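**Student:** Before anything else, here's the structure in question.
The values are calculated or read from the model by the stated rules, or taken from the named source; none is laboratory data. These figures come from a predicted structure and were not determined experimentally. With ideal geometry, Cβ positions are generated from the backbone for all residues, glycine too; neighbour counts draw on all protein chains shown.
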Amino acid sequence: MANRSIHQVIPARLYNMGDLKVRQPLPSAELDYFDPFVLLHHAHTFFDENIPLHQTGVGPHPHRGFAPVTFVFKGGSHHRDSRGNDEKVSEGGTQWMHAGMGIVHSERPLAYEMEIIQMWINSPAKNKKDQPFYYPLKKEDTPVYTNEDNTVPVNIISGNLHDIKGPIPTLSPINSFTIFGKQNGKITIPLASAHNVFLYLLDGVVKINEREITGKNFIQFKTDGEAISIEFTEDTRCLLMSGEPIGEKIIAQGPFVMNSETEILEAYRDYQIGKMGVLIE
């Protein structure tokens with residue numbers, strides 16, 4: 001298997017999102033959209049201990065047309081939505097929601113320290129008006145693959161790795177792996193040649209194709225190989241995702257990802273008149 005080349009390394013710059021600070025390499029000046037990946041937010045937040053947890057985090061808000069996905073690295077997240085789902089996912093777990101035709105949800109922390117990555121993954125046009133569904137995946141229910149010397153465990157959330165299948169169903173082919181590499185560990189991960197692939201480093205240092213890259217960077221790969229090989233110079237946490245491009249024009253505006261301006265306007269109208277449901281906490 002030929003290893004993929006690095007196309008570019010994008011720094012995860014810090015932005016203020018209301019009361020929260022997030023690192024956002026996608027979208028950015030360097031990369032507007034990486035089909036089917038719309039957005040990546042990395043947030044490591046220390047909430048005010050004088051405020052009850054249920055009053056912090058992100059309150060009720062709508063989505064339509066894509067999958068908002070939360071990977072929990074520290075603390076936990078309490079999800080509620082207008083479809084009646086009420087679930088708590090702690091460190092090592094994942095919340096995967098297909099927003100479909102529209103849903104209102106909230107995400108509140110379970111502890112005063114929380115570290116997450118939130119991804120927005122585009123849905124094919126044919127699925128944007130599907131019924132929404134929510135899939136909570138706990139750490140203990142997440143399959144794990146390890147390299148030969150057990151220095152690089154890989155949590156398989158969706159897709160598959162060496163015939164181990166991730167439990168979360170996706171609307172288009174998506175591999176989602178959280179990787180916890182120990183210093184001096186090495187791993188080669190095969191990936192479909194047609195997929196768009198990125199690796200996001202939460203911290204640590206890795207070496208890829210003899211290039212050393214530090215944490216809080218987004219590595220975009222070229223489509224010129226069937227695998228990536230990673231050497232871990234330090235203990236490192238990272239998120240590796242690959243996806244088959246959908247190949248459709250998108251309009252991402254506010255909390256909606258659709259295929260036209262008209263559909264965006266329809267989404268705002270439908271939310272305002274209650275078609276996406278109501279969430280009262």
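**Student:** If I ask for residues that are of a type in the set (D, E, K, R) and within 15 Å of TYR134 (Cα to Cα), which ones from segment 79-119 would you list?
**Tutor:** Initial filter on segment 79-119 (of a type in the set (D, E, K, R)): 80-81, 83, 86-88, 91, 107-108, 113, 115.
Selection gives ARG80, ASP81, ARG83, ASP86, GLU87, LYS88, GLU107.
Rundown of residues vs (1) touching a Gly at 6+ places or on another chain (Cβ under 9 Å); (2) buried (at least 23 other Cβ atoms within 10 Å of the Cβ); (3) charged (D, E, K, R); (4) under 28 Å from VAL72 (Cβ atoms), yes/no style:
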{"position": "LEU199", "(1), (2), (3), (4)": "no, yes, no, yes"}
{"position": "GLY204", "(1), (2), (3), (4)": "yes, no, no, yes"}
{"position": "ILE213", "(1), (2), (3), (4)": "no, no, no, yes"}
{"position": "SER229", "(1), (2), (3), (4)": "no, no, no, yes"}
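**Student:** Scan segment 42-74 residue by residue and report those that are outside any strand (DSSP E or B) and crowded, with 20+ Cβ neighbours inside 10 Å. Show your work before the answer.
**Tutor:** Restricting attention to segment 42-74, the residues satisfying the condition of being outside any strand (DSSP E or B) are 47-57, 65.
Listed by number, the residues that qualify are PHE47, GLY65.
**Student:** Does any residue of segment 168-180 turn out to be without any contact (Cβ under 8 Å) to a residue 40 or more places away in the chain, farther than 22 Å from ILE10 by Cβ and under 19 Å from the mean Cα position of the chain (by Cα)?
**Tutor:** yes
**Student:** One residue is enough: does segment 22-41 have a residue meeting the conditions assigned to a strand (DSSP E or B), in contact with a strand residue (DSSP E or B) (Cβ under 9 Å, 6 or more places away or on another chain) and surrounded by fewer than 16 Cβ atoms within 10 Å (Cβ to Cβ)? Walk me through how you get there before you give the answer.
**Tutor:** Of segment 22-41, the ones assigned to a strand (DSSP E or B) are 22-26, 34, 37-41.
Among the residues that remain, those that are also in contact with a strand residue (DSSP E or B) (Cβ under 9 Å, 6 or more places away or on another chain) are: 22-26, 34, 37-41.
From what is left, the residues that are surrounded by fewer than 16 Cβ atoms within 10 Å (Cβ to Cβ) are none.
There is no residue in segment 22-41 that is assigned to a strand (DSSP E or B), in contact with a strand residue (DSSP E or B) (Cβ under 9 Å, 6 or more places away or on another chain) and surrounded by fewer than 16 Cβ atoms within 10 Å (Cβ to Cβ).
**Student:** Residues ILE273, ILE213: which one is more than 27 Å from GLU107 (Cα to Cα) and at pLDDT 95 or above?
**Tutor:** Working: ILE273 fails: more than 27 Å from GLU107 (Cα to Cα).
It is ILE213.
**Student:** Pairs under 9 Å by beta carbon, first residue assigned to a helix (DSSP H, G or I) in segment 261-281, partner of a type in the set (S, T, N, Q), six or more apart or different chains?
**Tutor:** Note: pairs meeting the criteria are GLU261/GLN253; ILE264/GLN253; ALA267/GLN253; TYR268/GLN253.
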